[in-house]
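Trainee: Let me give you the structure first, and then I'll get to my questions.
The values are calculated or read from the model by the stated rules, or taken from the named source; none is laboratory data. Keep in mind it's a predicted model, so treat the numbers as computed, not measured. Cβ: placed from backbone, ideal geometry, glycine included. Neighbour counts: every protein chain shown. Accessible surface is based on the protein model in full, side chains and every heavy atom, while ligands, DNA and RNA are left aside. Shrake-Rupley method; radii C 1.70, N 1.55, O 1.52, S 1.80 Å.
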Amino acid sequence: MAVKSHNKAKHPGKLGYSFRRHLHERFIELLLFMSALLSVAIMLAIIAMLVKESYVFFQHVSLWEFLTDTQWTPLFDNAHYGIMPLVAGTLVSSMVALLVALPLGTIIAIYLSEFAPFTVREIAKPFLELLGGVPTVVYGYFALLFVTPLLQIIFPELPGFSLLSAGLVMGIMIIPYVSSMAEDAMRAVPMHLREGSYAMGATRFQTATRVVMPAAFSGIAAAYILGISRAIGETMVVAIAAGMQPNLTWNPMEPAATITAYIVQVSLGDLPHGSIGYQTIFAAGLTLLLMTLVFNIFGHLLRKRYREIY
Amino acid sequence: MKDINNLTEIRKIIGRHKRWDLMFMIAGIIALMIAVLTFIALFAQMLIDGMPRLTWLFFTSFPSRHPEMAGILSAWVGTTLVMLVTAASAVPLGIASGVYLEEYAPKNIFTEIIEINVTNLAGVPSIIYGLLALGLFVYQLGFGQSILAAGLALALLILPVVIVATREAIRSIPVAIREGAYALGATKWQTVSDHLLPYSAAGILTGVIIGLARAIGETAPIITIGALTFIAFLPPAPVTEEFPYVSFEWLSAPFTVMPIQMFNWVSRPEEAFQLNAAAAGLVLVVMTLAMNGLAIYLRYRMRKNIKW
């Protein structure tokens, strides 16, 4: 089409200038710009929607009660609106997951980037990617029906739902995200740094931990932050394997609901639009978004502070 | 320190350091094995439980109160239709944004805001997209708890994936190609549509497949929208017998999808339903693995064949 408009140009002598052609170009640029702008619009819409519904919620419930009450029972007659039990559940399950994912993910990343022979890396990387592609609901099934019974052999007093088994499975689920991002960061460290280290007589392990890792620190931090946001926002594994009962506890052996599990529980029921129960899921969602945002900003600052440029 | 000249002393130090190397090597292999074994256990568990349920009838029956008669017909039809909506909206928008950011965007603070924003969107928990879709699509725009609302919610979710894939694919095309096109008098859009997009098609396709594979398995945002878990009918057919032969009524139909059907079965106490969950999970995993595998294969082919 664009070629046609060029042929029809009224000034064949002036090559390259045609008003219609120019218009056509500007129009397309505008279209492309609008779609790029959409991502900003989505972000604003998310914030606006959460704040709008939470605003109505906070007219019923004071912020003080929301933050300090130790019970979360918005659907009962004797309603309490304390977010603490849900936040505690989220933090405990995330903590268990990160205790699994961060060390294992880091070790796998170092191994693949600095130690593994070419063929091992070529096989392991796609495999890890496949592992990251398994739907989370399947991991939930696995946690409830495989890991929990397995853990009950070791800890006979473990209940059928627990933060521990949900957190463990979540941790394994997050490993691929952490390892692939950390590995990319380490592979991006220029070869001459390693060569310098080897020339000084350092072993592979010394080179990896004292030269490559510090140099790739900002990338590794980004991988950790991604892992943390995944753990906090993960929904299906905890909804299936950790139970749906809000429970203010720091003990991973107990069942407890997380923020995400609560949102799922309410959505499964039939809450009328505009009721206080409907608004609680937006207040819970806002809390969740703020939690991930805090970690992301922290990670961004960390990256800026320690970024190495080659 | 004074014995450093002593050869046996030096050998000892080297030996000790080499042992650390070996130990770490073993730790790395063990860590990899934990991931591999988990995957094998997961797959084996589902295979053992679910395989006997995977009959033709399982794919052609509606959900039922009787576990042995229940099937995933409405679920897989729902998943297919939701994916159609997702792909039709996320792919053009994602490619357009990617092209804009990579080829058109001026270097200013506004572009930087868009770029930071795309990165941040990728980190937003998926259930938050569900809340957005619930408030915006279901109630404010009045789409209801429909296939359209679910498809759009998942489209928002995978948009960053498509954008990033498009940008990376376009960025890897050498400047010489653009210069060649401009030298022959092509406009910017002609350069993009005739050269950059065709050359980056494989890379973009890889990203689209990975995004859709993620969308197929996403459960949380669709639960938030309020998908029903018990659907014993199919949405209206998209093709009709009378003129105009196509109907878009299915867009506003209530629906269920594979992961929700599986979640519903997992959370029931009867063991027979959990066997159904295993079978549904098996279908789901095979689907996502096949898609991810295809994407990995495409990337591998690309890396091998394209030498700029």
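Trainee: Quick one: in region A:112-151, which of the residues that are outside any helix (DSSP H, G or I) and in contact with a Ser or Thr (Cβ under 8 Å, 6 or more places away or on another chain) is nearest to the other protein chains (Cβ to nearest Cβ)?
Mentor: In this case the residue turns out to be A:Pro135.
Trainee: Here is a list: B:Ala153, B:Ala213, B:Ala176. Which entry is in a helix (DSSP H, G or I) and either surrounded by fewer than 19 Cβ atoms within 10 Å (Cβ to Cβ) or hydroxyl-bearing (Ser, Thr, Tyr) (or both)?
Mentor: Step by step, each of B:Ala153, B:Ala213, B:Ala176 is checked, and only B:Ala176 is in a helix (DSSP H, G or I) and either surrounded by fewer than 19 Cβ atoms within 10 Å (Cβ to Cβ) or hydroxyl-bearing (Ser, Thr, Tyr) (or both).
Trainee: Do we have any residue at all in region B:123-133 that's within 7 Å of chain A (Cβ to nearest Cβ), open to solvent by 40 Å² or more (accessible area, probe 1.4 Å) and without any contact (Cβ under 8 Å) to a residue 12 or more places away in the chain?
Mentor: Checked region B:123-133: no residue is within 7 Å of chain A (Cβ to nearest Cβ), open to solvent by 40 Å² or more (accessible area, probe 1.4 Å) and without any contact (Cβ under 8 Å) to a residue 12 or more places away in the chain.
Trainee: Criterion first (buried (at least 21 other Cβ atoms within 10 Å of the Cβ), within 14 Å of chain B (Cβ to nearest Cβ) and among the hydrophobic types (A, V, I, L, M, F, W, C)) does A:Leu50 satisfy it?
Mentor: So A:Leu50 passes the test.
Trainee: What pairs come up if the first residue lies in region B:144-155 and is in the same structural domain as B:Leu134 (by TED's automatic domain parsing), the second is aliphatic (A, V, I, L, M) and not in a helix (DSSP H, G or I), and their beta carbons are under 8 Å apart, counting only those six or more places apart or on different chains?
Mentor: Close Cβ pairs satisfying both conditions: B:Gln145/B:Ala227; B:Gln145/B:Leu228; B:Ser146/B:Ala253; B:Ile147/B:Ala253; B:Ala150/B:Ala227; B:Ala150/B:Val257.
Trainee: Hey, can you tell me all the residues within region A:58-87 that are assigned to a helix (DSSP H, G or I) and either in contact with a Cys (Cβ under 7 Å, 6 or more places away or on another chain) or buried (at least 22 other Cβ atoms within 10 Å of the Cβ) (or both)?
Mentor: A:Pro85, A:Leu86
Trainee: While we're on this one: Would you pick out the residues in region A:9-27 that are modelled with pLDDT of 75 or more and away from every other protein chain (no Cβ under 12 Å)?
Mentor: A:Phe19
Trainee: On to the next question. Take A:Gln265 and decide whether it is within 23 Å of A:Phe66 (Cα to Cα), of a type outside the set (Val, Ile, Thr) and open to solvent by 20 Å² or more (accessible area, probe 1.4 Å).
Mentor: Yes: the conditions hold for A:Gln265.
Trainee: While we're looking at this one, here's another question. In the set A:Pro156, A:Pro126, which member is more than 18 Å from B:Glu218 (Cβ to Cβ), free of Cβ contacts under 8 Å to residues at least 60 places away in the same chain and touching a Phe, Trp or Tyr at 6+ places or on another chain (Cβ under 9 Å)?
Mentor: A:Pro126
Trainee: Given the conditions (1) more than 21 Å from A:Leu301 (Cα to Cα); (2) surrounded by fewer than 22 Cβ atoms within 10 Å (Cβ to Cβ), which single one is not true for A:Pro176?
Mentor: All conditions are met except number (2).
Trainee: Tell me, which helices (runs of 4 or more DSSP H) wholly within region A:195-290 include 1 or more residues that are closer than 17 Å to A:Val169 by Cα?
Mentor: Because the criterion is at least 1 residues that are closer than 17 Å to A:Val169 by Cα, the helices (runs of 4 or more DSSP H) in region A:195-290 that meet it are A:217-233, A:236-241, A:259-268.
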